[in-house]
Amino acid sequence: MNKMLLIVAAALSLATTAFAASPMTVYATDGNGHSYQGLYTESSWMAISVPLSALGGSLPSNASLDVSGLRNGVYVTLDSVEERGDNALFYVSVSRDDTSVTSNDMASIGIKNGDTLLTTVQIPVYGGADLSAE
């Protein structure tokens with residue numbers, strides 16, 4: 001009896017592992033095939049690549065971003081969205097009020113279609129201090 005319970009428990013464990021959702025791969029890109037570890041401040045050429053499957057299978061018609069986790073004065077704003085293969089590219093501008101302060105934060109970005117939250121992604125935002133700006 002104990003051996004049968006162990007076999008059933010092992011089978012259930014394997015089944016649970018096999019059907020567990022795989023993690024979503026999100027990364028920064030220039031839209032030309034290059035990927036980056038994060039977004040860089042003072043940029044308007046970067047995009048966040050998100051699988052279309054995380055967005056319900058298609059581009060949002062009324063996309064917006066809800067950004068949190070950044071220090072005050074650091075901004076990520078949506079410029080445009082395009083479909084590229086199985087991914088959506090959310091082109092963003094990244095800026096900050098004070099370039100003499102470094103930025104090394106993890107942005108939590110809610111991707112919305114209108115008022116509906118589709119998914120939330122996390123991506124680092126980097127910016128070195130420009131000491132000549134003081």
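Which whole-number value in Å² is the accessible area per residue of the range 45-134, probe 1.4 Å? Working shown, then result.
Numbers: 4650 Å² over 90 residues.
Accessible surface, normalised per residue, equals 52 Å².
List the residues, sorted by chain then number, that are 5 or more residues from residue 87 or on another chain and whose placed amide H is less than 5 Å from its amide H.
52
Less than 11 Å Cβ to Cβ from residue 96, Lys/Arg counted +1 and Asp/Glu -1: what total charge do the surrounding residues give? Spell out each step's value before the answer.
Working: positive: 71; negative: 42, 97, 98, 105, 130.
Charge balance in the 11 Å sphere: -4.
Using 7 Å Cα-to-Cβ label points, what is the residue 95/residue 37 separation (nm, one decimal)?
2.7 nm
The values are calculated or read from the model by the stated rules, or taken from the named source; none is laboratory data. Just so we're clear, the structure is a prediction, and the values are computed from it rather than from any experiment. With ideal geometry, Cβ positions are generated from the backbone for all residues, glycine too; neighbour counts draw on all protein chains shown. Accessible surface is based on the protein model in full, side chains and every heavy atom, while ligands, DNA and RNA are left aside. Shrake-Rupley method; radii C 1.70, N 1.55, O 1.52, S 1.80 Å.
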